1. Once the Cα gyration tensor of the range B:125-166 is found, what semi-axes does its equivalent ellipsoid get, as square roots of 5 times the eigenvalues, in whole Å, sorted largest first?
2. Within chain A, what whole-number % of the accessible surface is contributed by carbon and sulfur, with the 1.4 Å probe and all protein chains included in the calculation?
3. Mind computing the radius of gyration and Dmax over the alpha-carbon atoms of the range A:94-163? Å is fine for both.
4. Sequence gap at least 6, Cα distance under 8 Å: using those rules, report the relative contact order of the range A:190-277 to the nearest whole percent.
5. Over all residues in B:16-22, what is the mean tally of Cβ atoms on other chains that come within 10 Å of each residue's Cβ?
6. How many Å² of accessible area per residue for the range B:1-102, probe 1.4 Å?
7. Which is the longest part of chain B that has none of the GluC sites (Glu not before Pro) sitting in a DSSP loop with at most 14 other Cβ atoms within 10 Å?
8. Averaged across A:88-94, how many Cβ atoms of other chains sit within 10 Å of each residue's Cβ atom?
Amino acid sequence: MIGPLISESRRLSLGKRGWLRSHKWWLLRRFSQITLLGLFMLGPWAGIWIVRGNFAASDIAGLVVLADPYIVVQGIFGGAIHAWPVLSGAAVITLAYLVLGGRAYCGWVCPVNIVTDTAFWLREKTGLTRDRKLDRRSRLVILAGTLFASALTGAVAWEFVNPVSLLQRALISGIGFGWSIILAVFLLDLFVSRRAWCSHLCPVGAFYGLIGRGALVRVSATRRSACTDCGACFNICPEPHVIVPALKGRGSPLILSGDCQNCGGCIDACPVDVFQISTRRPWLQTGAAE
Amino acid sequence: MASSKRKMTRRTAMQEIARGAGAACLGGFSLAALVRSASHADARALRPPGALPEPDFLAACVRCGLCVQACPYDTLSLAEWGAEAAVGTPFFTPRQEPCYMCRDVPCARACPTGALDREIPSIRDADMGVAVLVGHEDCLNYKGMNCSICVRVCPIRGDAITLEPGEVDGRKIMIPTVHSRHCTGCGTCEKHCVTGHASIRVLPRDLGLGGPGRNRAGRPA
Ligand code: SF4
Ligand code: SF4
Ligand code: SF4
Ligand code: SF4
């Protein structure tokens, strides 16, 4: 029934390990993304105020303030002298992603990820193959550009266009016009290039990628000797280049690149259980350390 | 051989970096141009009480909407594209919903960034703008009637706005007169003005006030 809807890259795993195990991390991620959005939407839409604010900064049950470090850093480049709550909030979030992997933000929090994953899935289902090559370092250039523009204008520059902010605000405050930019991202990913936005252009992802370079939580190709070269992990991964050194190299089996979203797609897709979630342990001088 | 190869890779690396830096500058300039053109449209936006001056506000505010959610009324909202404020930033339109001048200023206290002054001592220190009687020709008091709605609804009437006697065409009139030192720019007068478009409107201070005078040499008097 849902057979035709299942992505090709999960098929081998589906056959060997069943539906649940071939979708486990995907289910958990969607649950996390939707729950977080839902918590923010409960207040304005249902009057249940557990959290206030939005993904830019929030007040959690009146106990802690959390804040997006990238927006705060742009503000600092723009010459802002922030009050303490937003600075401590940004520090808490930075610490969390230092541990969890910066781009866990992309895989587990960002609502645009649902949009671009959908575009990627639709590409496969409709047989669209056009793939204009983009340099994945473009996002670092764009990131630098946003900081430069913030310094030039004295404003939080990327917030004037940021699709991530526009989408979460549209959902939380229920406002309309930002949808056009989300649609643009969707169409870009669908028609122009494989994973164009999140894996090549988005400076938010680039920023979190930099934070996550030394992250402790990492996916590991622990059983890489069992690899059958089926390619399922490369197909499902939003950043396939991160897998190569861990799976095919001779060094650490940990996926060390900051670009990895810890999304667990490879764990879901691998029919022979090569991958698992693991941790980097810089304090232990084992082979697993860098 | 090996060293020349290393030199080559170093040179291409340098070229790459230069290319990236160039692109970043170009992108930065374009984004800055967009931000500037968008910010010019904001000259008329009214900010919540306790807001920093507009240029500082745009750097400090993270667009979180905590102020909007803290307001017990439907006064504040976060700007959409095309609204009169920078996208995502909080503003209000007094003709729709004025600021009710809450004593405890919950919006400013909720701001995590200091874009709104969290320590604002009293709502009477707020400076959202200043009311200006822009529509003399339509204002009923100028026509010799005794409307005076703006004065009667002002939460701080007597200080912020008073009726001053005047004369037009030999007729005695009572002119609604705003005292900018006390007016907070809450917009209650604008909300309740009975003319088609409000004859009294709140403007940001730099638009609404004449500024101090200068002497003939152009120096501040
Ligand atoms: S790359 Fe950007 S848009 Fe994509 S998931 Fe990450 S933050 Fe969101
Ligand atoms: S002072 Fe009160 S009414 Fe005015 S904007 Fe703040 S919370 Fe809203
Ligand atoms: S609470 Fe402060 S930072 Fe948040 S939107 Fe309002 S003014 Fe901006
Ligand atoms: S804006 Fe109007 S109502 Fe508000 S304080 Fe000023 S004069 Fe009074």
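1. Values: eigenvalues 83, 31, 14 Å².
So the three semi-axes of the range B:125-166 are 20, 12, 8 Å.
2. Values: 8640 of 12650 Å².
Answer for chain A: carbon and sulfur cover 68 percent of the accessible area.
3. For the range A:94-163, the Cα radius of gyration and maximum Cα-Cα distance read 15.7, 45 Å.
4. Details: 107 pairs, mean separation 34.1, N = 88.
Relative contact order for the range A:190-277 comes out at 39 percent.
5. On the way: counts 2, 0, 0, 2, 6, 3, 1.
Partner Cβ neighbours, averaged per residue: 2.
6. Details: 5310 Å² over 102 residues.
The answer is 52 Å² per residue.
7. Numbers: sites that count: B:E84, B:E119, B:E137.
Answer - B:138-221.
8. Numbers: counts 1, 4, 2, 0, 0, 0, 0.
For peptide A:88-94, the averaged partner shielding equals 1.
The values are calculated or read from the model by the stated rules, or taken from the named source; none is laboratory data. All values reported here derive from a predicted model rather than from experimental measurement. Neighbour counts are summed over all protein chains in view; Cβ atoms, including those assigned to glycine, are modelled from backbone coordinates with ideal geometry. Accessible surface is based on the protein model in full, side chains and every heavy atom, while ligands, DNA and RNA are left aside. Shrake-Rupley method; radii C 1.70, N 1.55, O 1.52, S 1.80 Å.
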